[in-house]
Amino acid sequence: MTTLLTNARLIDPEAGSDTQGALVITQGRISAILPEGAPLPAAETVVDCNGKCLAPGIVDIGVKVCEPGERHKESYRSAGLAAAAGGVTTMVTRPDTLPAIDTPEVLEFVRRRANEAAPVNVLPMAALTKGREGREMTEIGFLLDAGAVAFTDCDNVVRDTKVFSRALTYARSCGALVIGHPQEPGLSAGAAATSGKFASLYGLPAVSPMAERMGLDRDIALIEMTGARYHADQITTRRALPALERARDNGLDITAGVSIHHLTLNEFDVSGYRTFFKVKPPLRSEEDRQAMIEALRNGLIDIISSMHTPQDEESKRRPFEDAASGAVALETLLPAAMRLHHSDGVDLPTLFRAMALNPARRLGLDCGRLAAGAPADLVLFDPNVPFVLDRATLRSKSRNTPFDGARLQGRVLTTWVAGQTVYRSA
């Protein structure tokens, strides 16, 4: 079967281009990119994109799916449907489940469940230490063989430096990617907000932005010592950026990500003690948000992720200090990213470089590109259509989104995985 997508606005993050043209899909892969005006080949299926944007499907690193252990919050089926509706064609899932994904047997269960239930690609990460407890590293080699694409203890920072250094050394010997959460765990324990006048006014337990800088400094020193491949899951403060830049200049194999919430929201959104805005790390100042956007533009920040974290109503309908952290974002990632495009002037190729190309490259995948031979994992979207988000319409089992009732722009029209349509808007 050959599918021809015509009259498309092609968003190519690899070339940094935004041009009109057409795209041909054959046997699940992109077989040709045609510029505007080029002769169109015959095809069994022809789709007129009506001038809308066609881009590589989003590769989302850090998605929490609550199987095993908390399936009532999110299943692979519900997360996969939400991902497809949000233009996410590859979910890279976290191991912070119950139990943690720390053995080949649990990893095999997760892979089997994901392949059976989710309409999109699912690539699982595994825990770096057993039980994510920071005391004993997992069998990294066996977990790699079982299909783990990276290793992380998520927001459980490995406090024991010797354990962490040994895990980094072993990961380097296997060529494995380690994903860290840069925080000084003592300072950040129990924090619900970023320290400053706002947190003091609201009486919230707060953490200094320096906790992130201190955690990153420690991790950079260990990366320099071990030579490991490392990705910081979330850099959210401007004070951490100089250390990240120095590490890059020194040739260390380090990349950094940021969540869509820290790019589009700030600490003042917490006003009224709205717990749907409680995330980890806590929302930062407007100055930090602007610094992250500039770091995204200049390439210091490599990856934008949803950090999709489902929480049920009971865990969110509590006093702000006691409420669980996290927000769902698979369906809202692209519309929220359009805020950066419309309000902050970030062009679409730059956004898809961070949401598709760079995460795919970091994980050694061949997706995330508009190029002949690449998988036909694609998203067609209208970046301009306005709407008001109603969280009741979200496909996730949990609906703890900070964007409930927000005015957004940008809707996913169609999502393809390996050339097959997995979502089409009504």
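The values are calculated or read from the model by the stated rules, or taken from the named source; none is laboratory data. Model, not experiment: these values are computed from the prediction. Here the Cβ positions follow ideal geometry from the backbone for every residue, glycine too, while neighbour counts run over all protein chains shown. When the accessible area is computed, the model is the full protein with side chains, heavy atoms only, and any ligands, DNA or RNA have been set aside. Shrake-Rupley method; radii C 1.70, N 1.55, O 1.52, S 1.80 Å.
In this simple spin-label model, placing a label point 7 Å from the Cα along the Cα-to-Cβ direction at both residue 42 and residue 173 gives a separation of 5.9 nm.
The mean sequence distance of close C-alpha pairs (under 8 Å, at least 6 residues apart), as a share of the length of segment 231-385, puts its relative contact order at 21 percent. Residues in segment 156-169 carry Karplus couplings, in order, of 8, 5, 6, 6, 6, 5, 5, 4, 5, 5, 5, 5, 5, 5 Hz; the curve used is 6.51 cos²θ - 1.76 cosθ + 1.60 with θ = phi - 60°, and Gly or Pro positions show x. Computed from the Cα positions only, the extents of the chain along the three principal axes stand at 62, 48, 44 Å, in decreasing order.
To the nearest ten degrees, helix 76-85 and the longest principal axis of the Cα atoms of the chain are 60 degrees apart.
Rolling a 1.4 Å probe over the protein heavy atoms of the chain, with every protein chain left in place, gives an accessible area that is 48 percent carbon and sulfur.
Measuring r between the beta carbons of residue 1 and residue 385 and using R0 = 22 Å, the FRET efficiency lands at 0.15. For the peptides 145-155, 341-351, residues were scored by their other Cβ atoms within 10 Å and the scores averaged per peptide; the highest-first order is 145-155, 341-351. Counting Lys and Arg as +1 and Asp and Glu as -1 over every other residue whose Cβ lies under 14 Å from the Cβ of residue 290, the net charge comes to 0. The protection proxy used here, the mean number of other Cβ atoms lying within 10 Å of each residue, ranks peptides 249-256, 178-185, 298-305 as follows, highest first: 178-185, 298-305, 249-256.
Once the Cα atoms are used to define both axes, helix 333-344 deviates from the longest principal axis of the chain by about 90 degrees.
The distance from the alpha carbon centre of segment 360-401 to that of segment 271-318 is 18 Å, rounded to a whole number. Based on protein heavy atoms only, the chain ends up with 38 Å² per residue of surface accessible to a 1.4 Å probe.
Quick check: Cα centre of segment 168-188 to Cα centre of segment 95-139, how many Å? Result: 17 Å between the Cα centres. With the highest mean first, a sort of the peptides 30-41, 396-407 on other beta-carbon atoms found within 10 angstrom per residue produces 396-407, 30-41.
Volume of the convex hull of segment 306-426 (Cα atoms only), normalised per residue: 136 Å³.
Put simply, the C-alpha atoms of segment 278-338 give a gyration tensor, and the ellipsoid matching it has half-axes of 26, 15, 9 Å, longest first.
For the chain, what is the relative contact order in percent, using Cα pairs closer than 8 Å and at least 6 residues apart in sequence? Relative contact order here is 20 percent. Using Cα positions and a limit of under 16 Å, work out the lysines in reach of residue 197, with same-chain residues fewer than 8 apart set aside. Those lysines meeting the cut-off do not exist here. Computed from Cα positions, the angle between helix 210-226 and the longest principal axis of the chain comes to roughly 80 degrees. Which residues in segment 91-111 place their backbone N less than 15 Å from a point set 7 Å from the Cα of residue 139 along the Cα-to-Cβ direction? The answer is 101-109, whose backbone nitrogens lie closer than 15 Å to the label point. Counting Lys and Arg as +1 and Asp and Glu as -1 over every other residue whose Cβ lies under 10 Å from the Cβ of residue 95, the net charge comes to 0. For residue 139, neighbours were defined as the other residues whose beta-carbon sits under 14 Å from its Cβ, and their charges (Lys and Arg +1, Asp and Glu -1) total -3.
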